[in-house]
Structures are given as C-alpha cells and as structure tokens.
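Scroll down for the structure; my scribbles are underneath it.
None of the figures in this text is laboratory data; all of them are computed from the coordinates on show. Just so we're clear, the structure is a prediction, and the values are computed from it rather than from any experiment. Neighbour counts run over all protein chains shown; Cβ positions are idealised from the backbone, glycine included.
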C-alpha cells in the first residue's frame, strides 16, 4: 500500500513538473509572438526569413534576416560536423576501452569544461585562433564562421561526450556478452551492437548540442566577424541571429519597430532549434532496430 501511494505521488509530481516546463515554453513563445506581432503584420514571414537587407531604423525600412539565419546554420552545423566524430570517439573510448583510473580522471575534466563561461571560450578564440589564422594565412582578419564553429565545437563537445557515454553504458550487458560469445571482435560488437542500441541517447545529445551551438552568443559575437551580409562559404564573416540580438537590443527603443523586430528574430531562433529537435526525435522514433 505504501509503495502504491509513493508511486502515485511520484507520478503526480512528475506530471506537474513536465506540464509546468511545457507551459513555460508555451508562455515564452506566446510572449515573443505578442511582442513581434506588428512585424509579422507588416511583412510576410517568407520575406522576413529570406531577405538579406536589415535596416529596422532608417527608411526605407527593410526587415530581412536571411543572411543572419544562414550564418547561424553555418556556425551551428559546422560545430556539429567538427564535434560529433571527436565526441563519439571519446564517448566510446570512455565507455568501452578506457581503464578505470583514466576514465575517472577524464569524466570530471569533461564536467568542468561544461561549466566554463562562454566568454572565456570567446576570448581564447579571439586571442589565439583568430590571430593564428591572420598570421598563418596572411589575411586582414582571422574572424570567420569557421573560426566560430571551431570554438563552438569545443564548447558542445563535452555535452555530447557525457550524454553519449551514459547512453552507451546504459545498454544492457547481455547484448555485448551474447555477441562476444559467438566469436565476433570487440570493435564489431561496439560499432554494430552497442552504439546502434544507444542511438536514442546519442541523437538526444546531438540535439542538445545543436541548441547550445545555435543559441550561443558571446563566443560567436567575438569571433564570427559581425558582418551583415550573406555568407558565401564557411570561411566568410557573418553575424548569427544570437549575435544580432546581443548587439542591437541595448540600442533598441522599447516598443519600437526595431525592438519588435529583434523579438521576431528571437522567435525564429527558438523555432529553428525546436524544429531541429523535433526532426531528430522523429528520426529516432521511426528508425528500425539495428540488424546484426
């Protein structure tokens, strides 16, 4: 009886917390939609998303965030391209191959990396990475979306490693023991059995890392270049959406068109991250179980 009461109480508390978190997200979206509603009434969403001219203060008023949206996607996906192979290799090593003493040293170090302020990463990137590109490639400015992606990759790498390792270690040992019992090698078991079974946790960590990279402000503000033009390549300078908000929110007059346009930018950023997370969850839930 006591166990049933405790389980029921725990389910109720969990449901209340989950509902509160969902309600908080809905409230944030509703507030940002309300603040940016005049912008959506005066311009079409497609024109707002695809336009490349941004002039919300001086006439002619132009509200286009296409270049900033492209910079955001370049930076975020670029960071994942760099971080995912390194993070998965590190997670597999920690979960399956690392000696116990080495794993106990590396796990706290990764935890510490997640707590370092982003401004520190940005300062190190501006002081070291940007200067390296300027000297090595003899360019006037080493700032670029590529440099920002490298810094963001190191920022999101610990998140992917920690969560992916937890997912790999959560796979029941019976799968590994059964596969090893038929004589296959340990690398084959790891890559063909353990990792596919842990794909939900791995993809969840990648979704978390994408949200972290897309919403990062200080690092990209210091390294990306802050140029309002459409990036022609990964090595161009640009201004992601988060950097745009951080640079202009202080000078925007409350309830002005400029102020409302920045809320529209923030709403787009939230929706982009939400859509990517939904797509990843869809892929996870609709994939078949691995075949051996």
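In terms of its alpha-carbon gyration tensor, segment 10-136 comes out oblate; a/c meets the 1.5 threshold, while b/c is at least as large as a/b. In segment 116-270, the C-alpha radius of gyration followed by the widest Cα-Cα span (Dmax) gives 20.9, 70 angstrom. Taking the C-alpha atoms only, the angle from helix 199-215 to the longest principal axis of the chain is near 20 degrees. Computed over the chain, the range of Cα coordinates on each principal axis works out to 73, 61, 33 Å, biggest value leading.
Rounded, prolate or oblate: pick one for segment 57-108, where a ≥ b ≥ c are the square roots of the eigenvalues of its C-alpha gyration tensor, a/c under 1.5 means rounded, and failing that, prolate if a/b is larger than b/c, else oblate. Prolate shape, in that a/c is at least 1.5 and a/b is the bigger ratio. Segment residue 14..residue 284, full-extension length gain: 94.8 nm, with 0.36 nm per residue of separation and the alpha-carbon distance subtracted. Quick one: angle between helix 66-92 and the longest Cα principal axis of the chain, in degrees between 0 and 90, rounded to 10, please. Compared with the principal axis, the helix lies near 20 degrees. Here the Debye sum runs over all C-alpha atoms of segment 1-42 as equal scatterers in vacuum, and log10 of I(q)/I(0) at q = 0.13, 0.14, 0.17, 0.27 Å⁻¹ comes out as -0.47, -0.51, -0.59, -0.84. Peptides 45-55, 240-250, 259-269, 182-192 ranked from most to least packed by the mean count of surrounding Cβ atoms within 10 Å: 259-269, 240-250, 45-55, 182-192. Based on the convex hull around the alpha carbon atoms, segment 1-71 presents an average projected area of 7.2 nm². Relative to the dominant Cα principal axis of the chain, helix 100-114 is inclined by about 20°.
For segment 120-170, the mean projected area of the C-alpha convex hull, equal to one quarter of the hull surface, is 4.1 nm². Relative contact order for the chain: 26 percent, from Cα pairs under 8 Å spaced at least 6 residues apart, divided by residue count.
Work out the FRET efficiency for residue 174 and residue 23 from their Cβ-Cβ distance, taking R0 = 45 Å, and round it to the nearest 0.05. Efficiency at R0 = 45 Å is approximately 0.65.
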